[in-house]
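These notes concern the structure reproduced below.
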Amino acid sequence: MNAKRSILITGGAGFIGSHVVRLFVTKYPDYLIVNLDKLTYAGNLANLKDIENAPNYRFVRADICDFDRIRELLAEYRIDGIIHLAAESHVDRSIKDPFTFARTNVMGTLILLQAAKLYWESLPEGYDGKLFYHISTDEVYGALELTKPEGVKSDISAHEVYGDDFFRETTKYTPHSPYSASKASSDHFVRAFHDTYGMPTVITNCSNNYGPYQFPEKLIPLFINNIRHRKPLPVYGKGENVRDWLYVVDHARAIDLIFHKGKVAETYNIGGFNEWKNIDIIKVVIRTVDRLLGRTEGEDMDLITYVTDRAGHDLRYAIDSTKLKRELGWEPSLQFEEGIEKTVKWYLENQAWMDNITSGEYEKYYEDMYKNR
Ligand code: NAD
Ligand code: TYD
């Protein structure tokens, strides 16, 4: 096709990537969207069934660490924009296997940067009209204190603030887990490619996402599935840790806006000012699943099982996304109550998607994970 733009989206078969691919393929029929994914345990082409035959969509199975192949693909598809999401993304896995995180998240990002540099610098127009957009996380900023726990009235007070401090774009990087250390390192390489070679780059750091197609090793889909099957809900520590939750489609909307309107070399934080203690969000999820399954609301509370805390468990994440609102006018479109209702409904209605993942190797992995805690 004679495309207006050719965009490479890495990690497009994963959770957030699949929402970004869907948005770009449907919203921009005159762009060619190339989804490059290795299809690790977390990559699933079933996430993209609805758009897989779109004329402006291509899927390529490849590893971002394969330098020669990435170089070939950039030239073959004449890529002018890269939205880089491919990564190992689960903190618990990074604690068990940090090397894989360094390989994919650090070396993979560096390989992609170097391949893009060589390709774009070989063109007559050079870096004109090009963009390397790196998707990162709020976890690079470390952890915040929980200074106002007494302010919380009930588990449905979703908008309580747990402290006065927030992660801002200027906050010093202080990663604690092998996952966040690897993401921090990749962010530094992206900035270095801008500062050293003049590559047009942009970085965004987003809070915890939730919504359809999330791999059920992460809190919300894991717990929805366990409640459905009346399996224990392993709450780490006392369940007091605070996370800031954003509906994944709102993250994809922000990525679209920043890809088109963001300023080169800038960083934008993305978050919904929506902080929840784990135990409170878990109670909301239990009530919602119970209600939607026709059970008595709250009858599955006894599935809550406190287990040994995650090593180095960050206490609180909270993103200040006012820069993104002020400069580009982005705001989340969904209130949390609406988002969680939609999410629980989606998992309950898409049981086949879940069953397909939660058989075989998955079961074994979780048995081992909890045996070794
Ligand atoms: P995910 O684990 O669901 O998906 C990752 C995808 O990357 C998978 O499809 C996987 O197959 C692919 N991949 C992994 N290694 C690869 C390799 N070597 N080559 C090519 N593809 C590879 O992750 P996610 O939750 O969708 O996160 C996507 C990105 O967003 C990550 O960079 C993550 O750090 C970042 N992020 C995630 C969150 C969150 O809450 N999930 C929040 C902020 C930022
Ligand atoms: P997770 O979804 O793994 O995201 P992240 O670690 O990137 O924030 O976990 C969200 C929170 O839920 C985190 O504080 C750890 C906690 N948690 C549990 O208590 N039990 C679990 O089984 C999981 C997966 C997470």
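The values are calculated or read from the model by the stated rules, or taken from the named source; none is laboratory data. As the structure is a prediction and not an experimental result, all values here were calculated from the model. With ideal geometry, Cβ positions are generated from the backbone for all residues, glycine too; neighbour counts draw on all protein chains shown. These area figures cover heavy atoms from the full protein model, side chains too; ligands, DNA and RNA do not enter into them. Shrake-Rupley method; radii C 1.70, N 1.55, O 1.52, S 1.80 Å.
Considering (1) in a loop (DSSP other than H, G, I, E, B); (2) more than 13 Å from the chain's Cα centre (by Cα); (3) of a type outside the set (Phe, Trp, Tyr), say which one Ser182 fails and leave the rest.
Ser182 satisfies every listed condition except (1).
Hey, can you tell me all the residues within region 70-111 that are aliphatic (A, V, I, L, M), within 19 Å of the chain's Cα centre (by Cα) and open to solvent by less than 30 Å² (accessible area, probe 1.4 Å)?
Matches in region 70-111: Ile82, Ile83, Leu85, Ala86, Val91, Val106.
Just for region 211-246: of the residues that are aromatic (Phe, Trp, Tyr) and part of a loop (DSSP other than H, G, I, E, B), which one is surrounded by the fewest Cβ atoms within 10 Å (Cβ to Cβ)? Steps first, answer last, please.
Narrowing region 211-246 to residues aromatic (Phe, Trp, Tyr): 213, 215, 223, 236, 245.
Going one step further and asking which of them are part of a loop (DSSP other than H, G, I, E, B), we end up with 213, 215.
Numbers: Tyr213: 22, Phe215: 19.
Top of the filtered list is Phe215.
Any idea how many residues of region 196-210 are away from ligand 1 (no atom under 16 Å from the Cβ) and either farther than 20 Å from Met107 by Cβ or part of a strand (DSSP E or B) (or both)? Spell out how you get there, then give the answer.
Pass one, region 196-210, residues away from ligand 1 (no atom under 16 Å from the Cβ): 196-200.
If we keep only those that are either farther than 20 Å from Met107 by Cβ or part of a strand (DSSP E or B) (or both) too, we end up with 198, 200.
Counting residues in region 196-210 that are away from ligand 1 (no atom under 16 Å from the Cβ) and either farther than 20 Å from Met107 by Cβ or part of a strand (DSSP E or B) (or both) gives 2.
Taking the condition at pLDDT below 95, under 24 Å from the mean Cα position of the chain (by Cα) and open to solvent by less than 70 Å² (accessible area, probe 1.4 Å), does Phe166 pass? Step through it out loud before you land on a result.
Values: at pLDDT below 95: yes; under 24 Å from the mean Cα position of the chain (by Cα): yes; open to solvent by less than 70 Å² (accessible area, probe 1.4 Å): yes.
Judged against the criteria, Phe166 is a match.
Since Tyr366 meets every condition but one in (1) modelled with pLDDT under 95; (2) hydroxyl-bearing (Ser, Thr, Tyr); (3) exposed (fewer than 14 other Cβ atoms within 10 Å of the Cβ), which condition does it not meet?
Exception for Tyr366: condition (3).
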